[in-house]
Amino acid sequence: MIPRSAVLRVARPTDRLQAITDMYVAGLGFQLLGSFRDHDGFDGAILGHPEHAYHLEFTHHRGTTVGRAPTRDNLLVFYVPEPSVWESNCQRMLEAGFVSVDAYNPYWDVAGRTFEDIDGYRVVLQNRAWS
């Protein structure tokens with residue numbers, strides 16, 4: 001089993017590294033934890049919170065085009081149980097440039113909102129606790 005002390009990093013490519021970095025910092029309130037340029041042709045940004053056990057990493061391979069998300073069901077899901085915190089986070093997502101969309105799987109619309117970034121990837125803010 002992976003130990004509790006492990007940190008999860010979800011990495012994905014983008015054609016718009018700076019724009020997507022800015023969008024996720026503003027929308028989810030993350031910090032830029034690290035970045036790199038021309039590491040074997042890759043540039044990247046690592047986002048998150050220094051005390052959380054997960055990070056998002058966005059990469060761009062120079063000279064390569066990756067395009068949009070392969071499906072409408074590529075999701076990051078955050079459970080935000082407090083209604084006022086959830087509402088303010090939803091507003092922050094819109095102000096950061098995310099677009100509110102209907103979920104591909106209607107389950108996510110029952111107690112949450114789905115937002116799409118400029119690459120077509122989606123973030124769900126679920127207004128309930130993870131049990």
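The values are calculated or read from the model by the stated rules, or taken from the named source; none is laboratory data. Note that this is a predicted model, so its numbers are computed, not measured. Every residue, glycine as well, gets a Cβ built from its backbone with ideal geometry; the counts of neighbours run over all protein chains shown. What goes into the accessible areas is simple: the full protein's heavy atoms, side chains included, and nothing from ligands, DNA or RNA. Shrake-Rupley method; radii C 1.70, N 1.55, O 1.52, S 1.80 Å.
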Would you point out the residue of segment 68-87, among those that are exposed (fewer than 11 other Cβ atoms within 10 Å of the Cβ) and not hydroxyl-bearing (Ser, Thr, Tyr), that is farthest from residue 7 (Cα to Cα)? 83
For residues that are free of Cβ contacts under 8 Å to residues at least 40 places away in the same chain and farther than 21 Å from residue 25 by Cβ, tally how many sit in segment 74-100. 2
Within segment 1-48, residues open to solvent by 40 Å² or more (accessible area, probe 1.4 Å), in contact (Cβ under 8 Å) with a residue 40 or more places away in the chain and assigned to a strand (DSSP E or B) come out as 8, 9, 10, 11, 13
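Only one of 49, 61 is under 30 Å from residue 4 (Cα atoms) and of a type outside the set (Phe, Trp, Tyr); which? It would help to see each step written out before you state the result.
Numbers: 61 fails: under 30 Å from residue 4 (Cα atoms).
Result: 49 is the single residue among 49, 61 that is under 30 Å from residue 4 (Cα atoms) and of a type outside the set (Phe, Trp, Tyr).
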Restricting the search to segment 22-81, which residues are among the acidic types (Asp, Glu), out of contact with any strand residue (DSSP E or B) (no Cβ under 7 Å at 6 or more places or on another chain) and farther than 18 Å from residue 97 by Cβ? 38, 40, 51, 73
Scan segment 88-125 for residues that are surrounded by 14 or more Cβ atoms within 10 Å (Cβ to Cβ), touching a Lys or Arg at 6+ places or on another chain (Cβ under 8 Å) and polar (S, T, N, Q) and jot them down. 114
Quick count over segment 57-101, residues being farther than 15 Å from residue 114 by Cα and in contact with a helix residue (DSSP H, G or I) (Cβ under 7 Å, 6 or more places away or on another chain), is 2
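What about residue 63, is it assigned to a loop (DSSP other than H, G, I, E, B) and open to solvent by 60 Å² or more (accessible area, probe 1.4 Å)? Before you say what the answer is, go through the steps one by one.
Values: assigned to a loop (DSSP other than H, G, I, E, B): yes; open to solvent by 60 Å² or more (accessible area, probe 1.4 Å): yes.
Here the answer is yes, as residue 63 does meet what is asked.
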I need every pair where a residue in segment 101-126 that is over 15 Å from residue 90 (Cβ atoms) and of a type outside the set (Phe, Trp, Tyr) has its Cβ under 7 Å from the Cβ of a residue that is open to solvent by 10 Å² or more (accessible area, probe 1.4 Å) and part of a strand (DSSP E or B), sequence separation at least 6 or different chains. none
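Just to be sure, is residue 94 within 28 Å of residue 109 (Cβ to Cβ) and touching a Ser or Thr at 6+ places or on another chain (Cβ under 7 Å)?
Numbers: within 28 Å of residue 109 (Cβ to Cβ): yes; touching a Ser or Thr at 6+ places or on another chain (Cβ under 7 Å): yes.
Spelling it out, residue 94 is indeed within 28 Å of residue 109 (Cβ to Cβ) and touching a Ser or Thr at 6+ places or on another chain (Cβ under 7 Å).
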